[in-house]
Amino acid sequence: MKKLLCILLALVMVLSMAACGSKSEETKTQAEEKPAAKESTAAAPAEEGGIVRGGTLKVGKGILLSTLDPTKVNARDSDYDVICQIYETLVRADSNGNLVSGLAESWEVVDDTTIVFHLRTDVKFHDGTDFNADAVKANFDYFMNPDVGAIFASELKCVESVEVVDPATVQINLNQPSSTFITDLTNYSGLMIAPSALSQGAGYLASNACGTGPFKVAEYVEGVSIALEANKDYYRNGEDGKPLPYLDRVEISMITDQTTKVNSLLAGDIQLTDYLTTTGIEQLESNTNFTLQRIATSDIYTLFCQIDDEILSNQKVRQALAYAIDRDALANVITRGYGFASNWACDPGQWFYSNYTPYSFDVEKAKSLLAEAGYPDGVTLTMQCISREPDNTVMQVLQQQMAAAGITLVLESMERTEWVSIWTTEHTGQLGLAKMTVPRVDAYVQLNTNMGATSANNYSTYKGEEFNSLLQSLSGIYDAEQQKEVLHKAQEIYLNDCASIFLYQMPRHDAYANSVQNFTTLALGAWDLSQMWLAD
């Protein structure tokens, strides 16, 4: 038991980077009588402590919400901004990386394979049904069902069974000790869905949602918008001692064009937006009517090589691509000093960071490798990205750089849904440009999400046996230094195989109008809209 407790403390180092200026999430455990719901959408006058209740927050979201079903999302981090307003987790991580109570008030590590969770008894799902131990068991049973194909199923591979002890107590039995299980419950694998919704299946969950969160879905137009309304029966209290959320309503519009999104913010059509590119940051950083917020996570732009492609199945061709790219020049052009060249799916501030990379910018080396691979006169490849910035520009820069090594790139820019289909279902692409997120809840999730053989988002379809064996071994290792050694070895293997080529890292920035007060995020940068209010 001591081993498990120690490693859980060690692993919050992954989350400790999350304190990037955002207010820490505070947990209120005392439920109070809830006031009558307000009918008006206008903000109410300021109450004690300066808090203003009511009103509608209008948000512009740069990446389309892929689904309302937490088990099927394909934009895991972006979708979570919305998902976490509706659904809540058993365990939470505050913005300093500390594990705190969620829907489970507390938990006991009985031994290395037995964990008992003590649940809140004052929580209801949005349909009025009780949150209890039966609901927890129903969720785990659903998530672990292979027919469901939950995106996070591998995070629950250590679960043997779930037992209902009493309505407020549930025991989870593991089939092997896991150093990451409780930490993983702070994200998707710990979200609780109403059993009444689970029973209606994936088709229903895609466009309908029923959780315990501070907001519930009022209206959802796929690919266009989602409106959230305050959960009148929410159990947590705000700083004024009254039930959260402060807002009556949140209206989120999907605005994928960066220029349109920033102009909408400047014009007052929206009050909060996400995923600003370099040009958006430059437009807003000196405007005193808005706050530019650096959040906890960053994007690592990555070139995924389709391992099963006839040409790219040759390791030397992939390595030639890596040598043909001038990462520093690319980062300077795209980020203009806000980001930097990257060699791996890890932030330099993370505990398992290593600067190991076998590649440098070397055009002659790239040409030599192509010749050895049987392409002395060069090679032509197709590269695909989601039609957005900076992705389109990144492809153009890569096209120019690789041409010097005899690599001709045919560029294809497409809508997100088409790109996702090609790279997660059809696997018919050659080179795919996408962005990975760091940090995530733990090292395993961070690497497995886009590179592990068990992940649906393993864009390159890389199945490297040694790399994946090392990745899967992490949960059974309780010493942080030993974990670091394994992670460094995994990095060396993956980079030598060159299944993906890491380009540059760009810290994420959100922006909001001065009318938005108490901007608050969860551990990894997702919005906590329940804590925000609108000034008069």
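If each residue of separation counts as 0.36 nm, what is the full-extension length gain between Q482 and N355 once their alpha-carbon separation is subtracted?
Extra length available between Q482 and N355 comes to 43.9 nm.
Tell me what the chain gives for mean residue ellipticity at 222 nm when only DSSP H runs of n ≥ 4 count, each as -39,500 (n - 2.57), the sum divided by the residue total, rounded to 500 deg cm²/dmol.
After summing the helix terms and dividing by residue count, I get -7500 deg cm²/dmol.
Can you tell me the relative contact order of the stretch 302-367? Whole percent, Cα pairs under 8 Å, sequence separation 6 or more.
37 percent
Past 25 Å, Cα to Cα: identify those pairs from K61/K242; K61/K435; K216/K242; K61/K124; K367/K489, in the order given.
In this structure, K61/K242; K61/K124; K367/K489 lie more than 25 Å apart at Cα.
Working out 0.36 nm times the residue gap between D240 and E364, then minus their Cα-Cα distance, what length gain in nm do you get to one decimal?
Stretched fully, the D240-E364 segment lengthens by 38.1 nm.
Starting from the Cα coordinates of the stretch 46-86, work out the convex hull volume and express it per residue in Å³.
Dividing the Cα hull volume of the stretch 46-86 by its residues yields 105 Å³.
Taking a ≥ b ≥ c as the square roots of the Cα gyration tensor eigenvalues, with a/c under 1.5 meaning rounded and otherwise prolate when a/b beats b/c, else oblate, which class fits the stretch 323-372?
Oblate shape, in that a/c is at least 1.5 and b/c is the bigger or equal ratio.
List, in order, the whole-Hz ³J(HN,Hα) value for each residue of the stretch 202-209 obtained from phi through the Karplus relation with A = 6.51, B = -1.76, C = 1.60 and θ = phi - 60°; use x for Gly and Pro.
4, x, 6, 5, 4, 10, 9, 9
For the chain, what class follows from the C-alpha gyration tensor (a ≥ b ≥ c being the square roots of its eigenvalues): rounded when a/c is under 1.5, otherwise prolate if a/b is larger than b/c, else oblate?
oblate
How big is the stretch 256-372 in terms of Cα radius of gyration and Dmax, in angstroms?
18.8, 58
Taking 0.36 nm per residue of sequence separation and subtracting the Cα-Cα distance, how much length would be gained by fully extending the chain between T259 and A168, in nm to one decimal?
Gain in length upon complete extension: 27.8 nm.
To the nearest 0.05, how large is the calculated FRET efficiency for K489 and M414 if R₀ is 56 Å and r is the Cβ-Cβ distance?
Here the calculated transfer efficiency is 0.95.
Return the whole-Å distance between the Cα centroid of the stretch 63-98 and the Cα centroid of the stretch 480-502.
Going from one Cα centre to the other spans 27 Å.
Quick check: the distance between the Cα centres of the stretch 308-361 and the stretch 429-449, to the nearest angstrom?
Spelled out, the Cα-based centre of one part sits 14 Å from the other.
Tell me, which longest segment in the chain has none of the GluC sites (Glu not before Pro) that fall in DSSP loops with at most 10 further Cβ atoms within 10 Å?
Within the chain, the longest run free of exposed GluC sites (Glu not before Pro) spans 40-309.
How much accessible area per residue does the chain have, counting only protein heavy atoms and a probe of 1.4 Å, in square angstrom?
So the chain comes to 37 Å² accessible per residue, rounded to a whole number.
Cα centroid distance between the stretch 115-133 and the stretch 522-536, in Å?
After rounding, the separation between the Cα centres reads 24 Å.
Along the principal axes of its C-alpha atoms, what lengths does the stretch 360-478 span, in descending order and rounded to whole Å?
Projected onto the principal axes, the Cα atoms of the stretch 360-478 cover 49, 35, 25 Å.
Test of understanding: given the chain, find the longest segment containing no trypsin sites (Lys or Arg not before Pro) that are in a DSSP loop and have at most 16 other Cβ atoms within 10 Å.
Answer from the scan: 337-462.
Evaluate the distance, in nm, between pseudo-label points positioned 7 Å from the Cα of T424 and of N518 along their respective Cα→Cβ axes.
3.4 nm
What percent does the relative contact order of the chain come to when contacts are Cα pairs within less than 8 Å and at least six residues apart?
Worked out over the chain, it gives 22 percent.
If I model a spin label as a point 7 Å beyond the Cα along the Cα-Cβ vector, how far apart are those points for E160 and A227 in nm?
5.0 nm
Quick one: Karplus J couplings for the stretch 212-227, per residue in order, coefficients 6.51, -1.76, 1.60, θ = phi - 60°, nearest Hz, x for Gly and Pro?
Working through the residues one at a time gives 10, x, x, 10, 10, 6, 9, 7, 9, 10, 3, x, 10, 6, 9, 10 Hz.
Taking amide H positions as placed 1.01 Å from N in the peptide plane, with prolines and chain starts having none, which residues 5 or more places from A93, or on another chain, fall under 5 Å of its amide H?
Excluding prolines and chain starts, which carry no amide H, the hits are V100, A523.
Could you check how much of the accessible area of the chain is carbon and sulfur, as a whole percent, using a 1.4 Å probe?
Using a 1.4 Å probe with all protein chains present, the chain comes out at 47 percent carbon and sulfur.
For the stretch 189-240, which chymotrypsin sites (Phe, Trp or Tyr not before Pro) are in a loop by DSSP, counting at most 12 other Cβ atoms within 10 Å?
none
The values are calculated or read from the model by the stated rules, or taken from the named source; none is laboratory data. Note that the structure is predicted; figures quoted are calculated from it, not measured. Cβ atoms come from the backbone with ideal geometry, glycine included; neighbour counts cover every protein chain shown. Remember, those area values only see protein heavy atoms, side chains included, never the ligands or the DNA or RNA. Shrake-Rupley method; radii C 1.70, N 1.55, O 1.52, S 1.80 Å.
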